[in-house]
Each structure stands twice: as structure tokens, then as C-alpha cells.
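All remarks here apply to the structure that follows.
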Amino acid sequence: MNDQESPLHIQSNSVSSASDEVIRRVAQLKVEINRANTLYYIENAPEIDDAEWDARMQELLALEATYPELQTPDSPTQRIGSAPASGFKEVIHRLPMLSLGNVFDEAGLRDWYQHALDFLEIDHAPMVCELKIDGLAIAITYKNGVLDRAATRGDGIRGEDVTANVRTIRSVPLKLNGDVPSELELRGEVFLPNSKFASLNLEREQAGLPAYVNPRNSASGSLRQLDSTETAKRPLDMYFYSLGYVENTVEPTSHREALSAIKEWGGRVNEWTRKAETVKEVMTAIANASVIRDTLDYGIDGVVIKINSLILQKRLGFVGRDPRWAVAFKFPAEQAETTLRAIHINVGRTGALTPWAKLEPVMVGGVTVGRATLHNKDEITRKDLREGDRIIVQRAGDVIPQIVGISSKNKRSSNSTPYQFPNACPSCQAITIQTEDEAVTRCVNGACMAQFERLLEHYASRGAMDIEGLGERVSQDLPRLGFVTNIADLYRLRDRRNDLIKIDKMGETRVDNLLQAIESSRSQSLPRLLFALGISGIGSESAEWIAHRFGSLTAVTKATREELLAIDGIGPTVASTLVEYCALEQNQKLITDLIELGINPLDQTPKPADDHPANGMLFVITGRLEMMSRVEAQDQIKERGGKVTSSVTKKTDYLVTGAEPGSKLDKAQRIGIHIIDEDQFSALINKDIVPAKPKT
Ligand code: IVH
């Protein structure tokens, strides 16, 4: 029997020693188990009982063990998990995985909708409302209908390959039904049902492991297990909510059609969706969602509103990481009353003293809250919070819980006194300062141990150099035990393996993993390194802009304030902070040391606009464009490094004219500006035709 006749996808070239009868039986078992899984997990209508299911599974496992060539990636046995992986491979998403902007009330929603309509220059666009499931976004790629790869969202561009773990989720089809595009990516949310969350935490506590703070956290923890047999034990679940990359097929034209297609292929789609023509209708849907919220076995933190037409979605595109075509309406914060046990102070990596409150643990919206942020000294004074007070705590979505204020039922004893914010750093005892324009109290001692510990933790964090094993505790141990006094010392640790393994709770494996992770961090990119240095005000985005502009660590250290200010998005504060940072001797030494130790990434990201004819050109647009709105045209120009202004001057390079152009056309003709119509503009933007250079 050759592969084509076989009902199985036997790997090509594999010659099976199994008899036809065995091959048929394996195929039959797969079909039966897959069908039972679909009925049980997706349609909630099981036809066989657990014992029958088990018997089939055991038989299939035994046959596959004898004839490994019959074990295919879509076999239901592949859900059981495989041996521990040493780490997750990186996956680059073919289309970025976006996040969502938030709105909190009807006015915010109206603004979002109106902005979308204005952008499209239309009056109306039907919407779809969906539950915003509080889980973890996953993209699953199917090749010829068979699950090929599953990835986490990561930073939206790069995620982690969690295929082995996602295979263990019963509601995820390993194989799709019907006519499926050759390559198809489905996206959705993986979550842990509420009913399973409590028992999982109980088990963890019994095993001496820290409890997960919320179901989302537990879903993420479960999916990022290196040992997928561990994930297989967690009752994770999934709903799909959109298509990602789709190859060579006529794609659906609306979001609702896309959802129907996903359902047809066998993917699980949440039943609760609502069509809405107006903002009022969306508000009604949201009211309904908040009513059913308590009856659901999964957490939702709002409603996602999407423009239904996929054609309009494409035109709307996104700003930063948020699509213009969708928005999240977040449910209002949930509140509870409890006792403020104590106020503690945390010293951050830039020396900021941030107070936080230790609370009598209390349930707020399904999550146990034991601490809350207090932001700064003034907030404590303004709210007159004192240790022992009864207070109201609130949490909204993934925001850190906050104290709203003192509860009306607060009864203070007569000897209660206002909280005294410390005048000295609780870590190094140096005097703290609070500048007039800042609410923050800071420790300005450059040698403060607490600051350095936080810096190490930040340096190692996932968005920075991603050094696994250098978390909160190790970031404290290494400086306290004298192993590192600056970041460069991390790269000298490999010579001290024998001393490191003597650290309490470290041991050989942990030390080796840590040293390996430190070594791997050498190849992190320049933007990550710049961000990791923890320079005040430099976030991951600004680090990227700066890296792209200067290309190397040495060049960055030589950057002038003016050069930095010329970068779009870099303001005076960040420019000054960076220049000051580079001027400090100890920082110069750190950078020289890093470079000497071989941590000297170069930024080779091609500057996208550099060779584009629109790059550096100044455009003015007049009249009504037919193919795109004015905002779209402006965005297209900016994306390619051009600039748009509103009035024609001698500096203008191109005047783009639509229908019924205004007086700008006369002026442009008068002073001899290059005038192009919409078609020529399109050609220029798409680099099809490069118009003759306008000016000499
Ligand atoms: S649409 C740009 N639909 O919410 C497209 N997202 O805050 C965003 N989420 O990362 C995805 N339920 O993980 C969409 N019905 C739903 C969703 C949903 C939950 C998550 C998703 C996303 C996050 C953004």
C-alpha cells in the first residue's frame, strides 16, 4: 500500500513494517478518538464514556509504540506531551500579533468608532462584539489542515514555540476538517477554566509551590512548561477569535464569515457574539455580557468590539501596537473592603522610593489580593492612609490593585497618627530627595544596593536581555554575596562556577543553567541591550529608535543632545538623561567593559525608508482623494520617511492633488512645486514608478 492510498499521513519515504490490518486499525482508532474528543470538548455531547475512550487510547498508544512510523503529528496520542524541552524556540510571526486599545465608557467607545469612521471617510460600519477572554493569545499554524506549530504572542513580533504544549489542549484540533487553505493560521485565547483554577492552586500549595494569582497567570504558567507532560495535566481550554496568515485562498470578507469558517474547520469559537450597527447597540451588548459574566466558567475582563468588514479592517490598519479596527471595552474595576496591615517601601532601579500596602488578603473579582500599590508619598498623605485602617481596594483587569481610600466604616483608635514617610533610603540609609516638579522621592546614592539589585533584575527580564534564572532572588543574592558589583561582572561569573554552586538553593543545575543563559544573552540585539541598561525614560520602543539611528553602543555613547532630539519620539528629558548617563565615568567604564567582554551588538535593522523616493520629502495634499482617505495618505508618507505639512512653501517637494483642489494648487504652480495626481502618488508610494526628481 503506498502513501496515497493510505488513510494515514505516513511520513513520505517511510516504509512501514505494519500489516494492512494494523494500519487500518490505527487509522480507525485515530478517527474514533478524534471524534470522541470533538464531541466531548467542542460540542459538549459525548457519545462514548471515559472507560471506552481510555481503552481506545491505550490500544493506540501500544500500536504506535510497536510501529513508531504510524505515529503522525495529528494522532490524538500526541496530546499527551513529550519529554522536557530545554527552552522554547523563537517564532517570528508572519503577521504581527497586535494588542488592543482600551476604552472604559460609552464616550470612549464613541470616540474610537468616530475616529475609525473619519479615517475611512464613511458614516457607518457594522461591528461585532465578542467576550474579551482573560487568557493568553496563541497563534496556531495548520499546514494542509494538520497542526504544525503553535506560538505565544511574545512581544507581538516574536513569540515562543509552544507547539508541544498546545497539542495537549483537548479543544484544539490537531487536524482540521474539510477544505482548508494549504497554510492557515488561527488565533485565539488559551485559558484555564475558573472551576479548575482553585483546585490547581490547592495542589500547588500542597506541593509547596506558589499559588497562581489569577486564571490568566495560571494559563500562561501552564503553557510555558518546558515539560509538556506537565501541561497535559492542566485542563487548559481555547477559543479561536480570528484568522492570522492565510495562504493562497479567497479569504472571507467579514469577521463573522471568518468565525464561521473556523467553526466549519472544527475550531472552537465562543458562542457569545453580537452584531451591532450603532454604539448604542454595542452598549446593550456590553450590558448583557456583564450580566452573564458571573455565569461563565472563564474570566472575561471586557468586550472586544471589531469592525466586521475585513476589507475595512485592512484599510484601518494600526497605530503602534493597537489596531484602529478593534478596541477593548474594559469592565469597571471591582472593589472590596479590607485592612491595611502595613506600609512598606520598595526602592526601584532608578532610586524611586515606592510605597506599597500589605493587606489582609481579600477576594476582589475572583482574585485574592494581598498587596496594593501606593504610588508615592503624596498619595498616602492625600488619602491619609494609616496602618491598621479599614480601606477599599480595587482592581481593574491586569492593573496592579490600588487603594481607593479609607472605608466609611473605618474606626481608628484615638492614638492613631499619620504615616511618616521615611527620610532615608530603607536600603542604604542615604538621605532621600524629592524635587519640586516630581512626586517621587528618590535615593540618589549611586552605590545603593537595592537599586543595583533592581537593575540586575530588569537587565535580565524577558523584554530586556532575557536571562532565565536571574530573577528577584538571585538578583539579590549575587550582589549581596559579592559576586557582582556591576552588570559587566555577570559575564565574568563563568570563572566562578565552583563558588556559585555553594550559594544556598543554587546547586549545579541552576548554576549551569544560569551561566548558560548569561552566555546566550551576549547575542541579544542592540535595542534590547540599550533598554536593559535601565536608563531612566528609555523604554523598549525608544531604545529601538535610538539603536536604529546610531547602530552601535559606541555611537550611542557619543550621541549629542541635538542628534537625539532629531529622532522622532525622543523628547528633551530622555535626550538629556541619556547624554548625562553617558557622561558619567562609571557608566563609561561599564560600557567599555561590556564591549571588551564581547557584548557589543550592532543594529543592522535596515532603515525602511532610506532608499524610498518618499524618504525625506515634504508633501502637501489638496483636494479629495479617491482611493484612500487623507489620513491614510499621510500615514503612508510617514511610514516611508516623508513628512506632510498643510501649506505649500518653497520647501515643499510634492503637492498631491485630488478632486477639487484648493488654492494650494495655484500657489504650487506659481512657485514651481512638483504637482502629482493621486495615481502618480500611488505609484510613488508603492515605488512602482519613481517620478523624476522634482527639484535640482
Ligand atoms: S482580537 C488586534 N478578540 O486580548 C487583535 N482578542 O488586549 C487582538 N483577547 O492579545 C485580538 N479575547 O489575547 C481579540 N475576542 C477576542 C479576545 C481577544 C481576548 C485578548 C488577546 C489580545 C488581548 C488584547
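The values are calculated or read from the model by the stated rules, or taken from the named source; none is laboratory data. None of these values were measured; they are calculated from a predicted model. Positions of Cβ are generated from backbone atoms using ideal geometry, with glycine treated the same way; all protein chains shown enter the neighbour counts. The area values use the complete protein model at the heavy-atom level, side chains included, leaving out ligands, DNA and RNA. Shrake-Rupley method; radii C 1.70, N 1.55, O 1.52, S 1.80 Å.
Key figures
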quantity	calculated
Calculated from backbone phi, Karplus (6.51, -1.76, 1.60) coupling profile of region 19-36 in Hz, x at Gly/Pro	6, 4, 5, 5, 4, 5, 5, 4, 4, 5, 4, 4, 4, 5, 5, 4, 5, 4
Cleavage-rule hits, GluC sites (Glu not before Pro), region 623-669, DSSP coil, Cβ neighbours within 10 Å at most 12	Glu626
Gain upon complete extension [Glu639, Asp568; 0.36 nm per residue less C-alpha separation]	24.4 nm
Residue-level accessible surface for Tyr419, protein heavy atoms, 1.4 Å, Å²	60
Heavy-atom accessible area ranking, 1.4 Å probe, most first, across Arg25, Arg640	Arg25, Arg640
Coil-residue GluC sites (Glu not before Pro) of region 408-488, DSSP, other Cβ within 10 Å capped at 14	Glu436, Glu438
Cα→Cβ-extended label distance, 7 Å offset, between Asp111 and Leu481, nm	5.1
FRET efficiency for Lys687 and Arg561, using Cβ-Cβ distance with R0 set to 35 Å, rounded to 0.05	0.50
Per-residue HN-Hα couplings for region 189-206 [Karplus 6.51, -1.76, 1.60; θ = phi - 60°; Hz; x = Gly/Pro]	10, 9, 8, 10, x, 3, 5, 8, 5, 4, 5, 5, 5, 4, 4, 5, 4, 4
Once the Cα gyration tensor of region 175-334 is diagonalised, semi-axes √(5λ) in Å	31, 22, 14
Whole-number D in µm² s⁻¹ for region 485-575, Kirkwood Cα-pair radius fed into Stokes-Einstein, 37 °C, 0.692 mPa s	216
Over the chain: helical MRE at 222 nm, DSSP H runs n ≥ 4 each giving -39500 (n - 2.57), nearest 500	-10000 deg cm²/dmol
Cysteines (scope the chain) whose Cβ has no counterpart Cys Cβ under 4.7 Å	Cys129, Cys582
Value of Rg/Rh across the chain [Cα atoms, Kirkwood radius]	0.99
The chain: relative contact order as a whole-number percent, Cα under 8 Å and 6+ apart	9
Calculated FRET efficiency for the pair Phe104/Asn423, C-beta based, R₀ 41 Å, to 0.05	0.60
Gyration tensor verdict on region 354-417 (Cα atoms; rounded if a/c is under 1.5, prolate if a/b is larger than b/c, oblate otherwise)	oblate
Residues with amide H under 5 Å from that of Asn346, placed H, sequence gap 5 or more	Thr354, Trp356
Extension gain (nm, one decimal) between Met449 and Thr592, 0.36 nm per residue minus Cα-Cα	49.3 nm
Whole-Hz ³J(HN,Hα) from phi, Karplus 6.51 cos²θ - 1.76 cosθ + 1.60, for region 552-566, glycine and proline x	8, 4, 4, 5, 5, 5, 9, 4, 8, 4, 5, 4, 5, 5, 6
Filtered GluC sites (Glu not before Pro), region 258-350: DSSP coil and at most 12 other beta carbons within 10 Å	Glu271, Glu277
Partner lysines for Lys589 [C-alpha distance under 26 Å; skip if fewer than 8 residues away on the same chain]	Lys558
Potential lengthening between Glu230 and Asp384 on full extension [0.36 nm per residue; Cα-Cα distance subtracted]	50.7 nm
For region 407-497, convex hull of alpha carbons as volume per residue, Å³	205
Length-normalised contact order of region 148-266 in % [C-alpha pairs under 8 Å, at least 6 apart]	36
